[in-house]
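**Q** This is the structure, below, for whatever I ask next.
Each reported figure results from applying straightforward, stated rules to the coordinates on display, with no laboratory input. Just so it is clear, the model here is predicted, and its values are computed rather than measured. No Cβ is skipped: glycine too gets one built from the backbone with ideal geometry, and neighbour counts run over all protein chains shown.
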Amino acid sequence: MRNYILAVLLLAFNSLSAQYWEPRAVPMDKYQVLDSAYMKVTYNLVFVKDTLKTQQKSGDIQALLIGKKMSKYYSQTYSDYNEYIKSLIKKGADKVPNAKEGTSGYEIFKNYLAGKITVTDLATLIGGNYLYLDDQHNMNWNLTNERAIILSYSCQKATTKFRGRVYEAWFTTEIPINNGPWKFGGLPGLILKVSDSQNYFKFECIGIKHLNKKEPIKFYNLNYIKSTRKECGKLYRRLHDDFAGFRTVQGGKTFEVNLNGEAREVKISTRKHPYNPIEKE
């Protein structure tokens, strides 16, 4: 356990001097099973972090677990990363890598509480693990007559404006589930592809698996800071606008800790970092 905690500290502090910030590893051995998933849908997310450098894309492989009562959307890359770090610690590794650039730390539970979305943001640099509630399926979709084939499924196009961005989505009634990537949902079929009008965010289905052996939908037992969507957004804005100042407020000096428990003070970049949140409002 001591080595695991030190590894987590190392990950958190190593990422302070990076040009991007990814979630650190968290212990995933304690959890609640909320439901059992009978379907797993995998998406490739491609997004732009800096609107002045739109040719530079980041990416993440994400997954949607669909159960009878609820669903969970999360980063498959982050989940695999946690398992990898756990195996390194067991082998006695004295160094562990940061998460892949673009990896997301959020998990989105739809209908965990009836009619609500529960969002957990794991191991963030805004300080700890955050949890907030959001409204579910509050998107006003306009259905069009446009059709396309995606992964051999016949899809129909729909559009909506949601929190400052205009989106087009492709859904299939061949899978009559009103769900999709991220917070998207509320259409008469599973959303296989969705992107915003500026092409800053693009979710595209790359695999659908009907699970013969049902997969547990887990909610990790961590010490969550209960907050709101807007408050978390403000913290991320402050983090990007004044990273050094934000970290000073969060705890003064910053140290890098290795697996032997040795610490050294590190300097933090004072430059402003680009911020392009998917939710602008």
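**Q** Gap in Å between the Cα centre of the stretch 172-188 and the Cα centre of the stretch 208-231?
**A** Value for the Cα centre distance between the two parts: 18 Å.
**Q** Additional query: Mind listing the Cα extents of the stretch 71-157 along all three principal axes, in Å, largest one first?
**A** Result for the stretch 71-157: principal-axis Cα extents of 57, 33, 20 Å.
**Q** With +1 assigned to the C-beta of every Lys and Arg and -1 to the C-beta of every Asp and Glu, and no other charges, what is the dipole magnitude of the stretch 167-249 about the Cα centre in debye, to the nearest 20?
**A** Taking the Cα centre of the stretch 167-249 as origin, the dipole is about 400 debye.
**Q** At q = 0.15, 0.26 Å⁻¹, what log₁₀ I(q)/I(0) does the stretch 167-244 have when each alpha carbon counts as one equal point scatterer in the Debye sum?
**A** With one equal scatterer per Cα and no solvent, log10 I(q)/I(0) is -0.85, -1.14.
**Q** Sticking with this one: So the label point goes 7 Å from the Cα of Asn138 along Cα→C-beta, right? Which residues of the stretch 40-82 then have their backbone N under 11 Å from it?
**A** none
**Q** Within the set Lys40/Lys218; Lys68/Lys161; Lys40/Lys280; Lys218/Lys280, which residue pairs have Cα atoms separated by over 19 Å? Please report the intermediate quantities before stating the final value.
**A** On the way: Lys40/Lys218 14 Å; Lys68/Lys161 29 Å; Lys40/Lys280 29 Å; Lys218/Lys280 29 Å.
Table pairs above 19 Å Cα-Cα are Lys68/Lys161; Lys40/Lys280; Lys218/Lys280.
**Q** Mind checking which aspartates and glutamates have their Cα closer than 20 Å to the Cα of Lys91? Skip sequence neighbours fewer than 8 apart in that chain.
**A** In chain and number order, the partners are Asp29, Asp80, Glu83, Glu262.
**Q** Here's a follow-up. Applying the Karplus parametrisation 6.51 cos²θ - 1.76 cosθ + 1.60 with θ = phi - 60° to the phi angles of the stretch 92-102, what ³J(HN,Hα) value in whole Hz is obtained for each residue in order, glycine and proline being reported as x?
**A** x, 4, 9, 9, 9, x, 6, 5, 4, 4, x
**Q** Can you tell me which aspartates and glutamates have their Cα less than 15 Å from the Cα of Lys49? Leave out same-chain residues fewer than eight positions away.
**A** In chain and number order, the partners are Glu22, Asp60, Glu101, Asp196, Asp241, Glu279.
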